[in-house]
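**Student:** Structure provided below as structure tokens; questions to follow.
A short reminder: the numbers here are calculations on the coordinates, not readings from a lab. Because the structure is predicted, anything quoted here is derived from the model rather than measured. All Cβ positions, even for glycine, are placed from backbone atoms using ideal geometry, and neighbour counts span all protein chains on display.
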Amino acid sequence: MLMIRLIFVLLVITAMVLLGLYLLSSDKKYLHYFKQTIKYTFFLALVTAVLFVLRRILYV
């Protein structure tokens, strides 16, 4: 559980740094990296939620 929280915190920090770099430099590659990071963060959150639900259902 601690590792999952750490990964999410690092992903949020990465996203904010990329957004800041995009706003400072107006380079589209940082916006693309930001969108990719957000997409992968949502994917990781979805997989984590599914695994938690499956754990609750199967290990009752």
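**Student:** In region 3-48, what count of residues is obtained for those that are β-branched (V, I, T), surrounded by 13 or more Cβ atoms within 10 Å (Cβ to Cβ) and free of Cβ contacts under 8 Å to residues at least 24 places away in the same chain?
**Tutor:** 3
**Student:** Name the one entry in V60, V53, V47 that is over 11 Å from the mean Cα position of the chain (by Cα) and outside any helix (DSSP H, G or I).
**Tutor:** V60
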